[in-house]
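Written below as structure tokens is the structure these notes are about.
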Amino acid sequence: MALADDFQAVLDSLPSDWTDIELDLRIADERRYVEAATFLVTCNAQPYSRHDWHWRILCAHRFGNAAAAPAVHRALLFLDETGIAGELAVREVRTGRAPVFQEWGRPESVREEFRRTHAQ
């Protein structure tokens, strides 16, 4: 299965309240490491040093300091389109977190929109 399809299958298996996910990525042909890295920069994949896996990818659902799911999906699709095979492993999934929002001084319409957007 292609990397982008694997990633989509992982996303489809997550509960609706997931907030972020941590993945490890390993490519099959290490000679294509630099080429793969140029595609993975779009989702801010973090390279490992002296590790069996090549990159750590942090993906956020609706908020947070991580790449958006569409950006990760597109980066993996780039790898698939250029024929770079690999393997994904889910390391950690976090659920149920909520963003911090400073409500003081904000109109009620902004508060209601925040509650509507982040209601689970």
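FYI, it's all coordinate maths here, none of it is from the lab. Not measured: the values here are computed from a predicted model. We place every Cβ from the backbone using ideal geometry, glycine too, and count neighbours over all the protein chains shown.
Below are the figures for this structure:
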quantity	calculated
Magnitude of the charge dipole, the chain, Cβ model with Lys/Arg +1 and Asp/Glu -1, debye to 20	420
Read-out P(r) over Cα pairs in 5 Å bins from 0, in percent, derived from the coordinates shown; its label in (i) 2, 12, 22, 24, 22, 13, 4, 1; (ii) 2, 11, 20, 20, 15, 11, 8, 6, 4, 3, 1, 0; (iii) 2, 10, 16, 16, 15, 13, 11, 8, 5, 3, 1, 0, 0	(ii)
Candidates Val34, Val90, Val110, ranked by Gaussian network fluctuation over the chain, Cα under 10 Å, top entry	Val110
Charge tally in the Cβ shell below 11 Å around Ala4, where Lys, Arg are +1 and Asp, Glu are -1, Ala4 excluded	-3
Per-residue [θ]222 nm for the chain (sum of -39500 (n - 2.57) over DSSP H runs n ≥ 4, rounded to 500)	-11000 deg cm²/dmol
Angle in degrees between helix 69-81 and the longest Cα principal axis of the chain, rounded to the nearest 10	20
Ranking of Phe114, Phe7 by count of other Cβ atoms within 10 Å, fewest first	Phe114, Phe7
17 Å reach of a label modelled at Leu11, 7 Å along Cα-to-Cβ, counting backbone N of the range 29-61	40-45, 57-61
